[in-house]
Amino acid sequence: DGAIVRAVIWNNAAAATTVGGGNVQFHGMDRSMGGIVERIVQHVVQLHFTDAKVSKKRKELKSVAFELRNMLSFIDGVAAVPSPPTQSSSFADSLALHKNAMSAFESLSEFLRRNTSTTFESSLGRGKKTSKLGLPLSVDEVEPLSPCLRYSALFPPVPHPLLGGPSDIGSDRRKVSGANFGSPILIQIRFEGSSKWPTSLNAMGAAKCAMLAQLAEGIEKMKQIKENGNGDDLDAFDGPMDVTPNYLDIGYRGYSWRIIVRADQELRMLRSLGNPTVEAKALQLSLIDRHVRGAMHHSLIHAVHTRHPSASSVVRLAHRWVASHMLSDMIPQEAVELMVAKIYTTATEEEENSNSPKISRVVDRPPSTVVAGFLKFLQLLSGHDWAREPLVVDPQNHISSYDRGLIHAQFNNVRGPELRNGPAMYIISPADYDGVEAMVGSKVVGDSTGSTAQQQAAMAANNAAEKIWSPTVTAKFPEKVVLSRASALAKCSHNHLTTCIRSGKVGNNGWVAAFQESSTSLTSYSALLRVDPSYITDSGCSSTNAECSIPGAARSNNQDNAVEELSCGPFEKSLQKRYAGPKELRKKHYKNLVLEKDTLHEWQPVSALVKELRSKYKDYAVFFYNEFAPDVIAMLWRPDAFKPQPFSAVVSEFKRPAMEYWKEDNLVITNTDDVMAEIGYCSKNIVSNIKVFDDRKPDDAPIEKHPKKSRQEDDVSESSDSDEE
């Protein structure tokens, strides 16, 4: 009858660590990797299906655990090890690190809203409003945009001592990093409505920059006055305040924050243009993607991660997999988040849009563990027919059946009969339609709570019209060649991990092969640009030699002698290295020495180089790299770059005349030597050497192989020619 016969307390994680013979417990396992269920299964299997006798040599029981559980060492720290806790415990719990960043965000948001509330000041004249920070408008809303504020960051930020954070986190308190390794936490602020905003685009940009400059100046003045009776924690602001025309970088509670301004008046101004220029259209699209769709995407993914605790861990593990195969920035992180959201919400979408019984789709239930979710991610990436089917991600069922029909019809129209046109990865989310900027705030489609009558009328008119759905996250990336490569790698990784589960003969760390590139695969590229080791902070995330040693599991690999236990796992080691920063930028920390003003809010030189290479030479080659350990930048020639072309002064750069074989007016071809020379010059400060595997020459003519002459034959021919003369 479902009555509880007996209840017991099962929460002895330390015992599970030692009894399992190498079954290490990771932070977050109870929410993402079986947890108590796994411990119960371990107990039952060990008691009834294994030899429970203690081995005389090893002094421990046979290991019983779920397969591939050690993959969590890439995204979480070890929760319990036999050795005493060390300083690495501050870097072990990824969930706690995410929550600390979110807590700091809530505190910063409250500070901005409270100290920008405007009041009338008689000394400034009639009708003049001001605030404690000196802003004429109050901040209505502070919206998060960064992945670390939705549990998606592979390495959550750790408070920096020179940015207002504690100084007792790292193992060496005498030295601190002079740079924030990674990107600042991105947030956007929205001011109250006002008719005093400028009416021109240039003036609007200047006004936004002035708001950011006044915000930085106001915080500095409040710190100097030191009248903190209002409860403001001004000591939490530390480090430099860098103002640019587009954003403001500040340090608060040890985190680096990047603040941008969302001005809805600017979006309405661009939308009202009767005949917009190309620059105005590009500006409008970039603002909509950054402010509107970015906020909606964050809200959507945060809701999925809150409902399904293991989804965020799958996103982080998938992000590590993408970077390990040198596909960083080629497959956007937002695309990875949407694919994982599709995995966890597919069953819900089908149940809502179907009248069939729910019990018939038990197989399509969301994954319960990180391993199951990661395998489904690889299966979706490799098995989905990207050329013939769009991927519609709608976790909360805001896209109607009529709109789904429009999406498929517009997809077929874009793809064309030969299935070659349009974005290679066609992913649609509730924010990917034309006119989404008419929505209120960052609310999703169909939610009109709190909107005015005029805004609701605009939304109704927009819904009545036929929407134009098109991908935004994957509009430019990945390219077809990258998607085909990623699909093939996902299929190989899925097969390898499935073999690990079935046979169990690959070894305790056999799963690591799914996160590494072999030396043979590196030779398949056209060229390799070796980055100077001084720019590599975390070599443990390398694509060829990743760190995979796990505390507690080392002794199970040695049958005879017990080896020394490790103090922390790969995730903790990586966070420690990222916290310490590059050696050249580490500084000695003294009480009387002011270092805060020299701290860099962002330090990613290799990522900046790759971005520059892709911008300048995207027509000639494709560039691959691993953002977490960029020791190598791989380069692959584009086949279309070596076709003979007509001569033109506009496109004469990196060209040379065709030799003997040319057709009609195709007189020039790409000069690979010039391209490689320019790439070497552009990257000379970061790249130590370049190794070329494919010194491809343009195929302006069939290659004829001539037998090589020996040096003696050449000397004879030269002497005969001189005799004839």
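The values are calculated or read from the model by the stated rules, or taken from the named source; none is laboratory data. What you see is a predicted model; the values in this text were computed from it and never measured. Positions of Cβ are backbone-derived with ideal geometry, glycine not excepted, and every protein chain shown enters the neighbour counts. What goes into the accessible areas is simple: the full protein's heavy atoms, side chains included, and nothing from ligands, DNA or RNA. Shrake-Rupley method; radii C 1.70, N 1.55, O 1.52, S 1.80 Å.
For Asn275, are the conditions met, namely being closer than 15 Å to Ile187 by Cα and part of a loop (DSSP other than H, G, I, E, B)?
No; evaluated as a whole, the condition is false for this residue.
Selection over the range 406-432 of residues that are open to solvent by less than 20 Å² (accessible area, probe 1.4 Å), hydrophobic (A, V, I, L, M, F, W, C) and assigned to a loop (DSSP other than H, G, I, E, B) gives a count of 3. Pairs linking a residue in the range 372-391 that is in a helix (DSSP H, G or I) to a residue that is of a type in the set (Ser, Thr, Tyr), with Cβ atoms under 8 Å and 6 or more positions apart or on different chains, are Gly373/Ser310; Gly373/Ser313; Gly373/Tyr344; Leu375/Thr498; Leu378/Ser493; Leu381/Ser487; Ser382/Ser487. The listed residues are Leu613, Leu600, and the only one of them that is surrounded by 17 or more Cβ atoms within 10 Å (Cβ to Cβ), modelled with pLDDT of 75 or more and closer than 10 Å to Ala179 by Cα turns out to be Leu600.
Looking at the range 332-344, is at least one residue buried (at least 22 other Cβ atoms within 10 Å of the Cβ), among the aliphatic types (A, V, I, L, M), at positive phi and at pLDDT 95 or above? The answer is no, given that none of the residues of the range 332-344 is buried (at least 22 other Cβ atoms within 10 Å of the Cβ), among the aliphatic types (A, V, I, L, M), at positive phi and at pLDDT 95 or above.
Scanning the range 604-630 for residues that are outside any helix (DSSP H, G or I) and under 18 Å from the mean Cα position of the chain (by Cα) returns Gln604, Phe623, Phe624, Tyr625, Asn626, Glu627, Phe628, Ala629, Pro630.
Touching a residue at least 12 places away in the same chain (Cβ under 8 Å), open to solvent by 50 Å² or more (accessible area, probe 1.4 Å) and not basic (Lys, Arg): does that describe Glu192? In short, no.
So that you can scan it fast, the table gives a plain yes or no per residue for (1) farther than 25 Å from Leu285 by Cβ; (2) modelled with pLDDT of 90 or more:
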site	(1), (2)
Ser356	yes, no
Ala372	yes, yes
Asn397	yes, no
Tyr402	yes, yes
Val440	no, no
Ser451	no, no
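Quick one: is Arg711 closer than 20 Å to Thr523 by Cβ, at pLDDT below 90 and out of contact with any Pro (no Cβ under 8 Å at 6 or more places or on another chain)? Taking the combined requirement at face value, the residue does not satisfy it.
Selection of the range 71-91 for residues being buried (at least 22 other Cβ atoms within 10 Å of the Cβ) and modelled with pLDDT of 60 or more yields Met71, Leu72, Ser73, Phe74, Ile75, Asp76, Gly77, Val78, Ser90, Phe91. Any residue that is within 28 Å of Gly510 (Cβ to Cβ), among the small types (Gly, Ala, Ser), modelled with pLDDT of 65 or more and open to solvent by 10 Å² or more (accessible area, probe 1.4 Å) - is there at least one of those in the range 94-108? No, the range 94-108 contains no residue that is within 28 Å of Gly510 (Cβ to Cβ), among the small types (Gly, Ala, Ser), modelled with pLDDT of 65 or more and open to solvent by 10 Å² or more (accessible area, probe 1.4 Å).
Results for (1) under 14 Å from Ala634 (Cα atoms); (2) modelled with pLDDT under 90; (3) crowded, with 20+ Cβ neighbours inside 10 Å, shown as yes or no for each residue.
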{"position": "Ser521", "(1), (2), (3)": "yes, yes, no"}
{"position": "Ser526", "(1), (2), (3)": "yes, no, no"}
{"position": "Leu529", "(1), (2), (3)": "yes, no, yes"}
{"position": "Ile536", "(1), (2), (3)": "no, no, no"}
{"position": "Asn545", "(1), (2), (3)": "no, yes, no"}
{"position": "Asn558", "(1), (2), (3)": "no, yes, no"}
{"position": "Val563", "(1), (2), (3)": "no, yes, no"}
{"position": "Pro570", "(1), (2), (3)": "no, no, yes"}
